[in-house]
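One structure is given below, encoded as structure tokens.
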Amino acid sequence: MTTRHIHIKGRVQGVGFRPAVFRVATSMHLKGRVANTADGVHIEINADDKDLALFLSTLQNQLPPMAVISDLKVEEVAPIDFPSFSIVKDDVIRPFDMWITPDLAMCDDCRKSLHSKEDKRHAYAFTTCLNCGPRYSIIKALPYEREFTSMAYLHACPSCEKEYQNPVDNRFYSQTNSCPSCAVQMKWWTSGGVLVSKNQDHIIDLAVEALKQGKIIAVKGIGGYLLMCDAVQENAIVALRHRKHRPHKPFAILYPGIEMIKADTTVTAAEERWLKSVQSPIVLCKLKNQPATGICCQQLAPGLAQLGVMLPYSPLLELLSTQINRPLVATSGNISGGPIEFKDDNALKNLSGIADYFLTSDREIVVPQDDSVMRVSRNENSIIIRRSRGFAPAIMKTVLSDSKVNILAFGADMKSSFALYDGHNLNVSQYLGHLGSFETNEVFRSCLDHLLQLTKTRVQKVLADLHPAYYSSQMAEEYAAAARVPLIKVQHHRAHFAAVLAENNLLKGDRPILGLVWDGTGYGDDGQIWGSECFVYHDYEMIHYHGLNYFAQLAGDKMSQEPRLSALSVLGDHEGCQNTLKDQFTEQEWNFFVRAKNQPAITTSSMGRFIDAFAAITGVCSKQSYEGQAAMLLEALAWKEEWSVPQQLYRFIITDTGIDHSALPDQIISDLNEGLSTGEMSRKFWFSLAVLALDLADFHGIKDLALSGGVFQNDYLITAIQTLKRNDMQIYLHQQLSPNDENIAVGQMAWYQMTEEKKLVESIKITATCV
């Protein structure tokens, strides 16, 4: 008898891995045991060489859909006489080394159960199995066992216990298993906190009836509360915008099925795959001219050409959407500027001025997560806008894979996230909102503490943004001081560039890469606000060359909210532009800001503000009610025009010291005077920026171009660059991360890796020289 010990790492918990091992072993009449541990899955099995090889190959071929094996080691151990094969619990304390499984969208089998009147889970709002349901959002400790989740309070009924013990059942060893006899309990409340019903059979009916009446309801989802209303009733949408203080920002729409989505939008094959994926994100799809369902397009996505749509990813959302059988607004349940509400008491208090009714449940959310958002470009590049539920926590294998130092990166303030390298894997948090409010900062700290506790990581180095006023930088300083570990600060745009290099496995490349980082703001080496930066990376050296020639940063952060200020700063010296812009200011405002422009305390090269300036001078957007509104409106206008390269473009002059944009005012005024439409001007503008990007590559004589920063969430710009590039040029985009500031934490890690490897290379060179 030969006993082998098999240690498997990767995403092997919460995905049905132990049941898969059990089935393969018992089908081969092998004896042994399998257990979850803090460092993956351990198998002890009696098998000779032939049986072992067949067992491993069969297991690889029959892996559960979400399982990923990152490492597998086999060793022979002292013989153990096992009576059978079993799933056991392991009490051995082991160092953490595994991938935490994200929350998984409802699978087709559970959807069938939900709608089958013969099934015991018919209309049960918390139906799950081995292949779907909450994971990350309910984990309190590891290994992944029910007793370490927020479902520990539920005791399985005899029927569910029988399923749990049945090897052929799809709920065999399913830790989230429950049914109406041992149910997660829902409650229905008024906005005043009055409990209306605990009747599980009628709460869905009450919610559907409220939606039909034009009411707004707050529904507890997988990662937090959603605010929902009927997307066909204009009064309901107007009320939601008014109560949420959200006048223009687009809403996401939940549809009961893909065919109804296709009735309102044009859905490509790639977009449909994402909609039906296990991540089940919100996907931006092109709106049809006449949506068939009667949705109120201009109230849902004012001025935009795309609509954020999604399919039900949980049984509760499935029941609500299929029973009402029409599109529903499903937006994050938060007050303006705050994080998503995920605790029942806080939701009932903080959302009482928005929602008419609340649908709660007694399953605790441990880790809050917004819905993820993405788009697919015309060239079928997947662009992540918000990486959260379904994707988090992500594992990045191309960064710090050889490091033995535990590192924590705090990222940036806008689109905040953090990254933790635990000595084995780089874990990347979900999107955590805009730091600044007390509530968002507390959620950030809570999620960080949770991941540190799960991984049991003792941090040895801390990374932060160079900006001294960032809340993330201040938290990093506090953490490093308390832990008595080194704090390393990384310039914002270098982190962006390092992130896209790392994602595309280019940090160790042997050819130069040009990096363009175009965004709204980032603290530069010279203390000015950068945002259109050009870098060259080669042999572990990242050299900053130039960006747009500086223009005045007016009124601090207010400039990002009022494109008219950007226009005054960029174009205000031109008489024709002055005449066009003055109507957007009072006389007092104009005089004040002109004086500030002529004696700026700080300057900027921000491409985001440069885009804002164009939106204001063309009359598209003078003041923004949400981040990126001006750029999104310009993109929407461009898409409404015929797709073709304009005969004339706006001209930039590239020099060794910067990008001269002084010729643009004359060109813009000329177009306005000639009566060129805003759509034509927008198309011309985006193509001009695309040509600028490619001209920068030619200026530096480099054929490989990597793009990062929030500006590169723009599908029109990306598509224009890929359309115009020469065949010998290669464009690198983000793959697992968003181009926006969500990637900064990973970029800080990648920058650290780059500098450490540079030190190693230089050390080797010195040693070789000495020898």
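For this structure, a couple of remarks:
- S670 being in a helix (DSSP H, G or I), open to solvent by 20 Å² or more (accessible area, probe 1.4 Å) and among the hydroxyl-bearing types (S, T, Y): yes
- In region 149-170, the residues that are of a type in the set (D, E, K, R) form Cβ pairs under 7 Å with partners that are surrounded by fewer than 18 Cβ atoms within 10 Å (Cβ to Cβ), at six or more places apart or across chains, as follows: E163/D169.
- Residues in region 287-314 that are touching a strand residue (DSSP E or B) at 6+ places or on another chain (Cβ under 9 Å) and assigned to a helix (DSSP H, G or I): C297, L300.
- Taking helices (runs of 4 or more DSSP H) as the structural unit, those lying wholly within region 403-515 and holding at least 1 residues that are among the small types (G, A, S) and open to solvent by 10 Å² or more (accessible area, probe 1.4 Å) correspond to 438-455, 471-483.
- Members of region 335-355 found to be at pLDDT 95 or above, buried (at least 16 other Cβ atoms within 10 Å of the Cβ) and either aromatic (F, W, Y) or more than 19 Å from the chain's Cα centre (by Cα) (or both), listed by number: F342, D344, A347, L348, N350, L351, S352, I354, A355
- Screening P143 with (1) assigned to a loop (DSSP other than H, G, I, E, B); (2) surrounded by 15 or more Cβ atoms within 10 Å (Cβ to Cβ); (3) touching a Phe, Trp or Tyr at 6+ places or on another chain (Cβ under 7 Å) gives one miss only, at (3).
- Consider region 369-402 and keep the residues that are closer than 22 Å to N441 by Cβ and in contact with a helix residue (DSSP H, G or I) (Cβ under 8 Å, 6 or more places away or on another chain). The one that is most open to solvent (accessible area, probe 1.4 Å) is R386.
- Residue match in region 521-528 (condition: open to solvent by 10 Å² or more (accessible area, probe 1.4 Å), at pLDDT 95 or above, within 22 Å of the chain's Cα centre (by Cα) and β-branched (V, I, T)): yes
- Unmet criterion (only one of (1) touching a helix residue (DSSP H, G or I) at 6+ places or on another chain (Cβ under 9 Å); (2) open to solvent by 20 Å² or more (accessible area, probe 1.4 Å)) for Q279: (1)
- Meets criteria (at negative phi and surrounded by fewer than 13 Cβ atoms within 10 Å (Cβ to Cβ)) for V77: yes
- Considering residues of region 685-707 that are open to solvent by 20 Å² or more (accessible area, probe 1.4 Å) and assigned to a helix (DSSP H, G or I) only, the residue farthest from R726 (Cα to Cα): F699
- Residue in region 245-267 that is of a type in the set (A, V, I, L, M) and more than 25 Å from R387 (Cβ to Cβ) present: yes
For every residue, the table says whether it meets (1) among the charged types (D, E, K, R); (2) over 20 Å from the mean Cα position of the chain (by Cα); (3) more than 30 Å from E642 (Cβ to Cβ).
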position: T719; (1), (2), (3): no, yes, no
position: Q722; (1), (2), (3): no, yes, no
position: Q730; (1), (2), (3): no, yes, no
position: M749; (1), (2), (3): no, no, yes
position: E757; (1), (2), (3): yes, yes, yes
position: S763; (1), (2), (3): no, yes, yes
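- Residues satisfying the stated conditions in region 386-398, i.e. within 18 Å of the chain's Cα centre (by Cα) and among the β-branched types (V, I, T): I395
- At least 3 residues being more than 34 Å from the chain's Cα centre (by Cα) is the threshold, and among the helices (runs of 4 or more DSSP H) wholly inside region 546-586 those reaching it are 575-581.
- Evaluation of S70 against the conditions (1) under 25 Å from C129 (Cβ atoms); (2) open to solvent by less than 50 Å² (accessible area, probe 1.4 Å); (3) at pLDDT below 95; (4) not hydrophobic (A, V, I, L, M, F, W, C) shows that the sole unmet condition is (2).
- Residues located in region 248-276, provided they are touching a residue at least 60 places away in the same chain (Cβ under 8 Å) and open to solvent by 70 Å² or more (accessible area, probe 1.4 Å): H248, K249
- Per-region count, region 158-191, residues outside any strand (DSSP E or B) and farther than 18 Å from L114 by Cβ: 12
- Some residue of region 147-154 being farther than 30 Å from L451 by Cβ and of a type outside the set (A, V, I, L, M): no
- Considering residues of region 548-570 that are of a type in the set (G, A, S) and out of contact with any Asp or Glu (no Cβ under 8 Å at 6 or more places or on another chain) only, the residue surrounded by the fewest Cβ atoms within 10 Å (Cβ to Cβ): G556
- Cβ-Cβ contacts under 9 Å between residues 6 or more apart (or on different chains), taken from a first residue in region 638-658 that is in contact (Cβ under 8 Å) with a residue 60 or more places away in the chain and surrounded by 12 or more Cβ atoms within 10 Å (Cβ to Cβ) to a second residue that is in a loop (DSSP other than H, G, I, E, B) and of a type in the set (S, T, N, Q), are listed as G658/N549; G658/S605.
- Qualifying residue in region 605-617 (condition: touching a helix residue (DSSP H, G or I) at 6+ places or on another chain (Cβ under 9 Å) and among the polar types (S, T, N, Q)): yes
- Taking (1) in contact (Cβ under 8 Å) with a residue 40 or more places away in the chain; (2) surrounded by fewer than 23 Cβ atoms within 10 Å (Cβ to Cβ) in turn, N579 satisfies each apart from (1).
- Within region 285-303, the residues that satisfy the criterion of being closer than 13 Å to A636 by Cβ and either without any contact (Cβ under 8 Å) to a residue 40 or more places away in the chain or open to solvent by 40 Å² or more (accessible area, probe 1.4 Å) (or both) are K286, L287, C297, Q298.
- From A105, A152, residue being among the small types (G, A, S), closer than 23 Å to Q13 by Cβ and in contact with a Cys (Cβ under 9 Å, 6 or more places away or on another chain): A105
- Pairs where the first residue, in region 181-195, is within 30 Å of C160 (Cα to Cα) and the second is surrounded by fewer than 18 Cβ atoms within 10 Å (Cβ to Cβ) and among the polar types (S, T, N, Q), C-beta under 8 Å, 6+ apart: S181/S159; A183/Q200; Q185/Q200; M186/Q200; K187/S197; W188/S197
- Residue count for region 545-576, restricted to those that are charged (D, E, K, R) and in contact (Cβ under 8 Å) with a residue 40 or more places away in the chain: 3
The values are calculated or read from the model by the stated rules, or taken from the named source; none is laboratory data. Computed from a predicted model, the values in this text were never measured in an experiment. All Cβ positions, glycine included, derive from the backbone under ideal geometry; neighbour counts span all protein chains shown. Accessible surface is based on the protein model in full, side chains and every heavy atom, while ligands, DNA and RNA are left aside. Shrake-Rupley method; radii C 1.70, N 1.55, O 1.52, S 1.80 Å.
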